[in-house]
1. How high is the FRET efficiency from ARG36 to GLU57, r the C-beta distance, R0 25 Å, rounded to 0.05?
2. Determine the calculated [θ] at 222 nm for the chain from helices alone, applying -39500 (n - 2.57) to every DSSP H run no shorter than 4 residues and normalising by the residue count; nearest 500 deg cm²/dmol.
3. Hey, in the GNM for the chain with a 10 angstrom Cα cutoff, which one of GLY75, GLY93, GLY15 fluctuates hardest?
4. Round to a whole angstrom and tell me the spacing of the C-alpha centers of segment 40-100 and segment 9-37.
5. Taking the number of other C-beta atoms within 10 Å as the exposure measure, put GLU57, GLU136 in order starting with the fewest.
6. If R0 is 22 Å, what FRET efficiency do you get for ARG117 and ASP89 from their C-beta distance, rounded to 0.05?
7. DSSP beta bridges in the chain, what fraction antiparallel, as a percent rounded to 5?
8. Compare PRO66, PRO13, PRO38 in a GNM of the chain, Cα atoms joined below 10 Å, and give the one with the largest fluctuation.
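No lab work stands behind these numbers, since they all come straight from the coordinates. Note that the structure is predicted; figures quoted are calculated from it, not measured. Here the Cβ positions follow ideal geometry from the backbone for every residue, glycine too, while neighbour counts run over all protein chains shown.
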Amino acid sequence: MSGWKPRPAGGLPDGLVLFDGVCVLCSGWVHFILPRDPAGHFRFVAVQSAAGLVLAERFGLSPGDPQTVAVVGGGLVHFKGDALLAVLDHLPGWRWTRILRGVPRPIRDFAYDRVARNRYRWFGRRQACLLPGPGERGRFIDDPAALAGTGTAAAA
């Protein structure tokens, strides 16, 4: 995909986080968010799941090698550094990171891309997707039917 600017999310609910479920760094990001989101604003979709495949196609991501996380917020889907900042903006104690929005997007995306391209080599890769604990299970979406009514039912 050539343009990674935020774009309309087409009726998807705010708080969806599409992530690479076999990437250790990406799974670590999910584990970072979970305890810092006591209100349960965020719900997680591994790109390798059935629901993730639907969202990846919709967002223009390659499920076999996703180069970005995607986060729905404010009626828009955000990618790369914008996605990280969209999450941090909702976590208590992390709103100070808004200052990073002052860094031009091309510079943020350049830094994001360097990490994304090397994430498996630097952090590792799992053989299977992250499995949430029993208390977290309700925050993860696997079934595309769970996205019904969010504008993706036709794509499922």
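1. Working: r = 30 Å, r/R0 = 1.19.
My answer for the efficiency is 0.25.
2. Working: 4 runs with 51 residues, N = 156.
Counting only the DSSP helices, I get -10500 deg cm²/dmol.
3. Highest fluctuation among the options: GLY93.
4. Centre-to-centre distance over Cα atoms comes out at 6 Å.
5. Values: GLU57 13, GLU136 16.
Ordered from fewest to most neighbouring Cβ atoms within 10 Å, GLU57, GLU136 come out as GLU57, GLU136.
6. Numbers: r = 26 Å, r/R0 = 1.16.
E(calc), rounded to 0.05, equals 0.30.
7. Numbers: 9 of 14 bridges.
Taking every DSSP beta bridge with both residues in the chain, the antiparallel ones total about 65 percent.
8. PRO38
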